[in-house]
Amino acid sequence: MNHLNAIFARGLNGEFSLSDGSLPWKNVPELSEDAKNDMTHFKNVTMGGIVIMGFNTYRTFKKPLPERINVVIDRNCGGEIAVDEKQFNFFKSLESALNYFADEKFSGQKMFLIGGAKLFEYSFSNNLVDGKIYGTVFNARFPDATAFMPGLPEGWKIIARQKNGEHSEIITYEK
Ligand SMILES: NC(=O)c1ccc[n+]([C@@H]2O[C@H](COP(=O)([O-])OP(=O)(O)OC[C@H]3O[C@@H](n4cnc5c(N)ncnc54)[C@H](OP(=O)(O)O)[C@@H]3O)[C@@H](O)[C@H]2O)c1
């Protein structure tokens, strides 16, 4: 079975998003280089894989992330799996998605939980993430943030730290 990894970005206080759904560092001029680097890092890590998101995160996307299988967890989607016209794949639970992608035909394919906060919270408290966790931490505070990254569950250790720019670093965790 493929491991489920997680990837997120946050501010110093766990700031995760603003009320309009945008990322807190998006329109901060002095963080623009770091924000760009983070997008590149996200793309490099997830490229070719399966990206799983909650329904609210899906609503912030105009189109699916290219060259990745885009999965949306939406309790109201009805069936076991449904695909919309934009090629987002809907599942009614995270467990049903994980079951589906446990099939041999997806073996070896990287799988990432990409948010949002609610889906991270659920998967952490149910021990569903069992691969690596990639966290970009912006060395800044964002007082306008309305959503916050949940704390990582116990037992996760830092295995790598790398600079993402002048104002941020990427921390990789493993159990
Ligand atoms: N900083 C970052 O790294 C990052 C990453 C991703 C997203 N974001 C931001 O996060 C925000 C969205 O996050 P969010 O926490 O509001 O929502 P979310 O986690 O993206 O989606 C939550 C929704 O997913 C559905 N869901 C189905 N099964 C669930 C389960 N087991 N646990 C939780 N949700 C489940 C529910 O909708 P139904 O009732 O339809 O089932 C729930 O309301 C956006 O503003 C986005 O920009 C930030």
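Values for this structure:
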item	result
Whole-percent carbon and sulfur share, accessible surface of the chain, 1.4 Å	49 percent
Over segment 1-74, volume per residue of the alpha carbon convex hull, in Å³	120 Å³
Under 13 Å, Cβ to Cβ, from residue 158 - net charge with Lys/Arg +1 and Asp/Glu -1	+2
Length-normalised contact order of the chain in % [C-alpha pairs under 8 Å, at least 6 apart]	35 percent
Low-density loop positions, GluC sites (Glu not before Pro), segment 68-175 - DSSP coil, at most 13 other Cβ in 10 Å	80, 85, 154, 166
Chain lengthening between residue 85 and residue 60 when straightened (0.36 nm per residue, less Cα-Cα)	7.4 nm
Sequence-separation-based contact order of segment 30-131, relative, with Cα cut under 8 Å and 6+ spacing, percent	29 percent
Segment 1-67 versus segment 68-104: alpha-carbon centroid distance in Å	19 Å
Size of charge dipole - segment 120-175 - debye, nearest 20, with Cβ of Lys, Arg +1 and Asp, Glu -1, no other charges	180 debye
P(r) of the chain over all Cα-Cα pairs, binned every 10 Å from zero, in whole percent	10, 38, 38, 13, 1
Zone residues, segment 157-175, relative to residue 26, backbone N less than 20 Å from point 7 Å out along Cα-to-Cβ	168
Rounded to 5, percent antiparallel among DSSP beta bridges of the chain	50 percent
With DNA, RNA and ligands ignored, accessible area of residue 125 (1.4 Å probe; Å², nearest 10)	80 Å²
Probe 1.4 Å, accessible area per residue of the chain, Å²	55 Å²
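The values are calculated or read from the model by the stated rules, or taken from the named source; none is laboratory data. Model, not experiment: these values are computed from the prediction. Counting neighbours? That spans all protein chains shown, and the Cβs are built from the backbone with ideal geometry, glycine included. Please note that ligands, DNA and RNA were not included when accessible areas were found on the heavy atoms of the full protein model with its side chains. Shrake-Rupley method; radii C 1.70, N 1.55, O 1.52, S 1.80 Å.
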